[in-house]
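Heads up: the structure comes next, in C-alpha cells.
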Amino acid sequence: VCRMRIIGLDYGTKTVGVAVSDALGLTAQGVETITRKEENKLRQTLARIEAIIEEYEVTKIVVGLPKNMNNTLGAEACKDFADKLERRTGIPVVMWDERLSTVSAEHVLIESGVRRENRKAVIDKIAACVILQSYLDYIANNNEGEQ
C-alpha cells in the first residue's frame, strides 16, 4: 500500500506549525515553524508551504480548526487560510478539530523536559504533529484508506 504524504498545519496569527506524515500515512513528524512578520502577509507563508508540499510530494492538507473555544475569529481566519491554500495548490484541504493540540503539545514538551523558554520555539511544530497524528489515527481506526 503506497499512500501519499499528508501535511498538517497549525495556523496561528504569526506562525504556522508544519508536520508531514510518513509515506504510509501512519506517523506525523514535525518539519518546521513558519513565522511571518505581519499577520495578514500570507504570500511568503503560502509560498513556503507550497515548497514543502512539493518537497514531500504531499497529496492532502490538514489544517487545524480551533473549534468550540469561543474563538469564531480564529476559525474564520483558519478557513480563509485553508481556502487560499486549496486555491493556490489545487490539493484538497481537510479542516480538523485542533481544540487541544497546543495543550497536548505543551504536555509533550514538559514531559520531555524542554525548558519553558525553549518551548515557544517548537510548540507550533509539535501542535501540527498532534493535529496530523489525530487525523492519521482517525483514518486508520475508521479503515478509510482514501479519506
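The values are calculated or read from the model by the stated rules, or taken from the named source; none is laboratory data. Model, not experiment: these values are computed from the prediction. Using ideal geometry, Cβ is built from the backbone for each residue, glycine included, and neighbour counts are taken over all protein chains shown. The accessibility values were calculated without ligands, DNA or RNA, using every heavy atom of the protein model including side chains. Shrake-Rupley method; radii C 1.70, N 1.55, O 1.52, S 1.80 Å.
Within segment 99-115, residues that are hydrophobic (A, V, I, L, M, F, W, C) and assigned to a helix (DSSP H, G or I) have Cβ atoms under 6 Å from residues that are open to solvent by less than 70 Å² (accessible area, probe 1.4 Å) and modelled with pLDDT of 70 or more in these pairs: ALA105/ILE123; ALA105/ILE126; ALA105/ALA127; ALA105/VAL130; VAL108/ILE126; LEU109/ARG119, counting only partners at least 6 apart in sequence or on another chain.
Going through (1) part of a helix (DSSP H, G or I); (2) loosely packed, with under 11 Cβ neighbours inside 10 Å; (3) modelled with pLDDT of 80 or more one by one, LEU136 falls short only on (2).
If you filter segment 58-92 down to residues that are modelled with pLDDT under 95 and at positive phi, you find that the one that is farthest from the chain's Cα centre (by Cα) is ASN70.
Here the condition is being open to solvent by 90 Å² or more (accessible area, probe 1.4 Å), over 13 Å from the mean Cα position of the chain (by Cα) and without any contact (Cβ under 8 Å) to a residue 60 or more places away in the chain; of GLU50, GLU54, it holds for GLU54 alone.
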